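K.L.:
Structure provided below as structure tokens; questions to follow.
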Amino acid sequence: MTTQTATSKKLNEHGKAHPAMKTPPIVSEKEWEAARQQLLVKEKALTHARDALAAERRRMPWMTVEKRYEFDGPKGKVSLLDLFEGRRQLVVYRAFFEPGVFGWPEHACRGCSLGADQVSHLAHLNARDTTLAWASRAPQADIVRLKARMGWKMPWYTMTDSFDRDFGVDQWHGHNAFIRDGDKVFRTYFINGRGDEAMGTVWSYLDMTALGRQETWESSPEGYPQTEPYKWWNWNDNYNAEPTPHPLWVDILTDPVGAAIRRRDAEAKADPSLAEAEEAEIAELQAGDSGNQGA
């Protein structure tokens, strides 16, 4: 093991000096892997703790939304119920884009804009009966202009009443989660502050909702909708064309090694030169499969 004290100042590609840093030790591959395995124990504990927290969210009491909120949308006036777009769950992010916000009218708040750049493709969220919507006080014409300029695709509405004040986002950004039962709407959870840093993936949105990821491994109250994990995944342009899992995709998930062997045999018949590469891939799969048991 080589001990590093501090790196000397060097000019980077832009001609600026890197500050001296006290870096970690330089070790062998075996020592590096041992250190990684030690940290992996803590990472798995963190993952399990995050899963347990999401399970507690699914058991949070619901709050009835009594007031009839109204928004301006691209096609005119809409209600909070309309924001669900017919789905069962809704996550609303309060973004700051309005007069008085730094960057107006060319830009939204820098933090909100950074968050907007992280929003994943909404088809996957929609496939779990959940809608994401953004809301600001800027007029729709400005929102439409901004979305086109920045390449953002999420539904984005204009608040016209006390929605932001009533749900704790009049002074600061935040995500509110809702669920509906017919025409009745309930507030189920709220994330703001540094909690917003983790938002953007389909998993982060689903984990804050009342129904969660809706997968069988989750700890959820009795009767909650759940399906097998992974099998509902699809290409973002294929959910409507193929709403049920494709048999080949299920085969890969259920028996990855067997699926690889069957694919190898089929491809080898078509092109014998592929056999060697396929053998190496299968060996790697088998090694990984045995190493993941009990993880």
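All of the numbers you see were taken from the coordinates with simple rules; none came from a lab. Given the structure is predicted, the values throughout are model-derived calculations rather than measurements. Cβ sites come from the backbone with ideal geometry, for glycine too, and all protein chains shown count toward neighbours.
K.L.:
Let me know the charge dipole size of segment 78-122 about its Cα centre in debye, to the nearest 20, where only the beta-carbon of Lys, Arg (+1) and Asp, Glu (-1) is charged.
P.N.:
200
K.L.:
State which helices in the chain qualify, where a helix is a whole DSSP H run, it must extend 18 Å or more along its own axis by its Cα atoms, and its mean Kyte-Doolittle hydropathy must be at least 1.0.
P.N.:
Span-like helices here: none at all.
K.L.:
Hey, another quick one. Would you mind telling me which residue in 19, 245, 256 has the biggest mean-square fluctuation in a Gaussian network model of the chain, where springs connect alpha carbons within a distance under 10 angstrom?
P.N.:
The residue with the greatest mean-square fluctuation here is 19.
K.L.:
Among 100, 195, 223, which one shows the biggest mean-square fluctuation in a GNM of the chain, springs joining Cα atoms closer than 10 Å?
P.N.:
The residue that fluctuates most here is 223.
K.L.:
Let me ask something else. Going 7 Å from the Cα of residue 77 along its beta-carbon direction, which residues of segment 134-173 have the amide nitrogen within less than 19 Å of the resulting point?
P.N.:
From segment 134-173, the list is 136-141, 157-164.
K.L.:
How would you classify the chain from its alpha-carbon gyration tensor, with a ≥ b ≥ c the square roots of the eigenvalues: rounded for a/c under 1.5, else prolate if a/b is greater than b/c, otherwise oblate?
P.N.:
oblate
K.L.:
Separate question: Return the distance in nm (one decimal) between the two label points of a simple spin-label model at residue 181 and residue 144, each offset 7 Å from Cα along Cα→Cβ.
P.N.:
Placing both labels 7 Å beyond Cα along the Cβ direction yields 3.8 nm.
K.L.:
Cα-Cα over 32 Å: which of 153/184; 44/231; 30/269; 22/44; 44/147?
P.N.:
Violating the 32 Å Cα-Cα cut-off are 30/269; 44/147.
K.L.:
Roughly how big is segment 128-199's charge dipole about its Cα centre, with Cβ charges of +1 (Lys, Arg) and -1 (Asp, Glu), in debye to the nearest 20?
P.N.:
300
K.L.:
Once both labels are modelled 7 Å past Cα along the beta-carbon direction, what's the residue 64-residue 217 spacing in nm?
P.N.:
3.9
K.L.:
Shifting gears a bit: With springs only between Cα atoms under 10 Å, which of 144, 91, 250 fluctuates most in a Gaussian network model of the chain?
P.N.:
250
K.L.:
Right, next: Please give the contour-minus-distance gain from residue 227 to residue 17: 0.36 nm per residue of separation, less the Cα-Cα distance, rounded to one decimal in nm.
P.N.:
70.3 nm
K.L.:
What shape does segment 177-230 take by its C-alpha gyration tensor, where a ≥ b ≥ c are the square roots of the eigenvalues and a/c under 1.5 counts as rounded, a/b above b/c as prolate, and the rest as oblate?
P.N.:
Taking the square roots of the gyration eigenvalues as a ≥ b ≥ c, segment 177-230 is oblate.
K.L.:
Would you mind checking segment 79-99 for residues with the amide N under 11 Å from a putative spin-label position 7 Å along Cα→C-beta of residue 239?
P.N.:
Residues 87-88 qualify, since their backbone N sits under 11 Å from the label point.
K.L.:
Which of the aspartates and glutamates could be linked to residue 75 by a straight reach, that is with a Cα gap under 15 Å, when you skip same-chain ones fewer than 8 residues away?
P.N.:
Within the straight-line cut-off, residue 75 pairs with 85, 142.
K.L.:
Determine the calculated [θ] at 222 nm for the chain from helices alone, applying -39500 (n - 2.57) to every DSSP H run no shorter than 4 residues and normalising by the residue count; nearest 500 deg cm²/dmol.
P.N.:
Mean residue ellipticity, 222 nm, calculated: -11000 deg cm²/dmol.
K.L.:
Nearest 20 debye, what's the magnitude of the dipole of the chain about its Cα centre given +1 on Lys and Arg Cβ and -1 on Asp and Glu Cβ?
P.N.:
With Lys and Arg at +1 and Asp and Glu at -1, about 1220 debye.
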